[in-house]
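Before any comments, here is the structure.
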Amino acid sequence: MKILPSLLLLAGVTIAQTPLNLIGWGRENSPVDGPSRGMGDAGVALRSDKAWDPLLPARSAFNTQTALEVQVVPSIVYTEDPTTSNTLSDISVPRLSLGIPLGSFGHLGGGYWQRFSRTFEFRDFNDTGFSVVGEGGSFEGVGTYAYALPFDATRGMALGASYHAVLGRDRILSSENWQNSDEYVTVMRKDTVEMRRSGDYWTFSGYWTHAEYDIGGWYSLPGEVDVTRHVGASDQLFGRDTTYVVDAPSGWGIAGAWRFLPHQALVARVARETWSETVIGSDPRWSIGSGWQWQGGGDRFDDVWKRSAFRAGGLATLGGPGDVTTLALTMGTGVPLGDYGTLDFSAQAGKTTTGVAGDKLGDSFLRLYVSLTGANRWGQSQRKRR
């Protein structure tokens, strides 16, 4: 019988699947807003009147509009190793956020961040009835507060704090049709490895905006996460679930923006994430990105393309569990919907590679981020809005 207490290793060695689905806590989703997706995930510091970020909430201290954002991501991933290949597709909702400005009392934000996801499926080409399926992930419920410093000497500066509640589970399930040589009945055997996570951590950030420059930084304090491991099988008994404590992957980041010429901006970001206390023996993960934006202007009577935004950029992640490397190019656009808000489309195309158990895994992906942001000045009369 194939009891698989380490189904991740089996899947990584024998089949082609997206590497980040198999290693660490799964594929990590960036927490950035819709416009930033098209700028290489690097627009987190660009001044906006409605943006909210769970790692850099200090930027939202200057917001004057209440904003609700929903992101939906359909993706196609082509995976391959030296012997096999496969095409996968899925739809995820990596982010849901709400930001509420409080005037001179600061800014409140809250949201849901699907930080890690694990989705894959493998079935034996020889029709033996053997299959491996992965599902689930870990998400964070985030609450933030930001405050713009009121003094003349600190004009344009703000501070922010985020509380992250880590929740969720992922499962890897194996099933196999088994028949002994002296029996006529086929038995379906099932194995399960399930990981449940529960914990929290804090992130603190600072932000400064002046003239055409914006810059911000954040630091996440290590927080404890309880990881409960459950192993099950059709015809074998296991002991009680085991629970151990790890640090949530955390670190620091710096982002900046330069707004130049009419309607244009350049942005950049670099971040480092610590994994050694989460997955033993893992190197830190570095993330970098840069991008460009042309933001249209005018009023509602101008052509739509004159009021829309156009974006392009690139991103890279290096290291972490499995020494994963991801390189991608991005592009996007933002279309104003009048009183209904903004509709942002961002496409990311790239490749992820890593070495697992001596075999080289890789995937080529195309993800389309669709973000709808509704914003308004709640609590004010129509006369004041004008």
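What's the exposure ranking of Ile280, Ile215, going from fewest to most Cβ atoms within 10 Å?
Starting with the residue having the fewest Cβ neighbours, the order is Ile280, Ile215.
How big is region 208-270 on each of its three principal axes, counting only the C-alpha atoms and giving the largest first in Å?
Extents along the principal axes, in whole Å: 69, 25, 12.
If you rank Tyr78, Tyr207, Tyr145 by fewest surrounding Cβ atoms within 10 Å, what's the result? Display every interim value, and only then the final one.
On the way: Tyr78 16, Tyr207 28, Tyr145 20.
Listed from fewest to most nearby Cβ atoms, that is Tyr78, Tyr145, Tyr207.
Find, among the chymotrypsin sites (Phe, Trp or Tyr not before Pro) in region 299-328, those assigned to loop by DSSP (not H, G, I, E, B) with at most 14 other beta-carbon atoms within 10 angstrom.
Listed in order of number, the matching sites are Phe301.
Pick out, in residue order, every one of the chymotrypsin sites (Phe, Trp or Tyr not before Pro) in region 237-272 that is DSSP loop and has at most 15 other C-beta atoms within 10 Å; say none if there are none.
Answer by residue number: Phe238.
Could you pull out every residue, at least 5 positions away or on a different chain, whose amide H is within less than 5 Å of the one on Asp90? Hs are placed 1.01 Å off N in the peptide plane, and Pro or chain starts have none.
The answer is Ser75.
From the phi angles alone, apply the Karplus equation (6.51, -1.76, 1.60; θ = phi - 60°) to region 67-75 and give each ³J(HN,Hα) in whole Hz, x where the residue is Gly or Pro.
The phi angles translate into 9, 10, 10, 10, 10, 10, 10, x, 9 Hz.
Go through region 324-341 residue by residue and turn each phi into a ³J(HN,Hα) via Karplus (6.51, -1.76, 1.60, θ = phi - 60°); whole Hz please, and just put x for glycine and proline.
Karplus values, whole Hz, x for Gly and Pro: 7, 10, 10, 10, 8, 10, 10, 7, x, 8, x, 10, x, 10, x, 5, 8, x.
Among Glu212, Glu140, rank each residue by its count of other Cβ atoms within 10 Å, from fewest to most, as a rough exposure measure.
Glu212, Glu140
Which trypsin sites (Lys or Arg not before Pro) in region 278-332 sit in a loop by DSSP (not H, G, I, E or B) and have at most 12 other Cβ atoms within 10 Å of their own Cβ?
For trypsin sites (Lys or Arg not before Pro) across region 278-332 that sit outside H, G, I, E and B with at most 12 neighbouring Cβ atoms in 10 Å, the list reads Arg300.
Where a number appears in this text, it was derived from the coordinates with a stated rule and is not lab data. These figures come from a predicted structure and were not determined experimentally. Note that we place each Cβ from the backbone using ideal geometry, even for glycine, and neighbour counts take in every protein chain shown.
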